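We did not get these values from a lab; they are worked out from the coordinates using the rules stated. These figures come from a predicted structure and were not determined experimentally. Please note: Cβ atoms are built from the backbone with ideal geometry, for glycine as well, and neighbour counts cover all protein chains shown.
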Amino acid sequence: MNISSADAPKTTGKRPRAWAGCVLAVLTLAIARPALAQQELFFTYIGATLGGGTASIDYNEWVVDERKSQNASGVYFSGGLLLDVVVRDIIGEFTMQAINTGASEDTVASLRLLYSVTGKYAFRLSDSFFLCPGIGLYLESGPSDKSYQGGAGLSASAGLGWVFSRDWILLFDLVGRYGSYGLGEESTIMSYGASLGVVYKIGRL
């Protein structure tokens, strides 16, 4: 009895101190985490891009009384706006372009809009140059010169960046895309090409 009664005040005295320590640790982390996030600088660049390459379109069409697989090939040209958001060595890239695909079969040639989102990682070669491979998604839509039904797919790129001025970057990319194509039945398109872009730093987030 004497021992238990003597121990009771000690136990009840230690628990509030332990809980107070836990609450203080949680509050410290909650305050420190936003401060750490604010140290990450998100730089925003905007500019223009031009590209071109070859394209191959596979589609089905009715020939007399049966449906046959067809293929049309040609070249494409594209150009439009380029937006990059950079944090450390991670680059998030968005483009909005007009793309014109010529083809050996005029029925599947088209002029339309292309949107793409790509995630890139910069491997620094020096203060001025870096490699930037990436992978992303693209979406195609009207307005178009034909009744284009829309398309989407995957894209991959292997690029080189050159910081030729404090606020300017020149970007060169080899680009491959594969996805659905909005002309013809069950159409798909595969394209390979290159693009050249230049962006200017407009601020940071």
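Summary of computed values
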quantity	calculated
Global geometry of the stretch 43-204, whether rounded, prolate or oblate, following the gyration tensor of its Cα atoms and the 1.5 cut on a/c	prolate
Fewest-first sequence of Glu140, Glu185 by Cβ atoms within 10 Å of each Cβ	Glu185, Glu140
Residue exposure sequence - Arg166, Arg177, Arg67 - by fewest surrounding Cβ within 10 Å	Arg166, Arg67, Arg177
Built amide H within the under 5 Å cut-off of Gly182, gap 5+	Gln149, Gly150
